[in-house]
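K.L.:
Input: one structure, supplied below.
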Amino acid sequence: MGIGPLSRISMSAAGAPESTELMRELVIALRELNRQEFQERGRELKLRRGVGKRPAMVDLVDLETGEILDELPPEQVLRMMEELEKERDEEA
């Protein structure tokens, strides 16, 4: 799969409408992280698209109650995915 380094993504995108590339990488990361890391713990990451000039955010949701446990910026989620990939590479 492979999420590229964050340097490829404009980090200024956090304050502007999200780029197609950022959103594509974010959706891939969310699917993988949900499958590998969160669903077995009863949690799920959900994308909340930005409205107007508000940036997209990622909600960490309790699957049982539907409660939003935390809000994460997209860049943090991509960093989490990079760390997961590094761990996998080291194990291989």
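K.L.:
Kindly indicate which of ARG88, ARG79 is surrounded by fewer than 13 Cβ atoms within 10 Å (Cβ to Cβ), out of contact with any strand residue (DSSP E or B) (no Cβ under 6 Å at 6 or more places or on another chain) and either among the charged types (D, E, K, R) or assigned to a helix (DSSP H, G or I) (or both).
P.N.:
On inspection, the qualifying residue turns out to be ARG88.
K.L.:
What are the residues in the stretch 21-37 that are at pLDDT 85 or above and either charged (D, E, K, R) or out of contact with any helix residue (DSSP H, G or I) (no Cβ under 9 Å at 6 or more places or on another chain) (or both), if any?
P.N.:
Once the filter is applied, which keeps residues that are at pLDDT 85 or above and either charged (D, E, K, R) or out of contact with any helix residue (DSSP H, G or I) (no Cβ under 9 Å at 6 or more places or on another chain) (or both), the stretch 21-37 yields GLU21, ARG24, GLU25, VAL27, ARG31, GLU32, ASN34, ARG35.
K.L.:
Turning to a different aspect of this structure: Taking the conditions exactly as written (surrounded by 12 or more Cβ atoms within 10 Å (Cβ to Cβ), closer than 11 Å to GLU75 by Cβ, among the aliphatic types (A, V, I, L, M) and at pLDDT 90 or above), does ALA56 satisfy them or not?
P.N.:
no
K.L.:
Out of curiosity, is ARG31 assigned to a helix (DSSP H, G or I), surrounded by 11 or more Cβ atoms within 10 Å (Cβ to Cβ) and out of contact with any strand residue (DSSP E or B) (no Cβ under 7 Å at 6 or more places or on another chain)?
P.N.:
Yes: the conditions hold for ARG31.
K.L.:
Okay, moving on. How about the stretch 37-51: which of its residues are in contact with a strand residue (DSSP E or B) (Cβ under 7 Å, 6 or more places away or on another chain) and of a type in the set (Lys, Arg)?
P.N.:
Of everything in the stretch 37-51, those that are in contact with a strand residue (DSSP E or B) (Cβ under 7 Å, 6 or more places away or on another chain) and of a type in the set (Lys, Arg) turn out to be ARG43, LYS46, ARG48.
K.L.:
A further question follows. Can you tell me which residues in the stretch 55-76 are of a type outside the set (S, T, N, Q), over 19 Å from GLU25 (Cα atoms) and without any contact (Cβ under 8 Å) to a residue 24 or more places away in the chain?
P.N.:
Answer for the stretch 55-76, where residues must be of a type outside the set (S, T, N, Q), over 19 Å from GLU25 (Cα atoms) and without any contact (Cβ under 8 Å) to a residue 24 or more places away in the chain: VAL61, ASP62, GLU64, GLY66, GLU67, ILE68, ASP70.
The values are calculated or read from the model by the stated rules, or taken from the named source; none is laboratory data. The shown structure was predicted, so the numbers you read here are calculated from the model rather than taken from an experiment. Cβ: placed from backbone, ideal geometry, glycine included. Neighbour counts: every protein chain shown.
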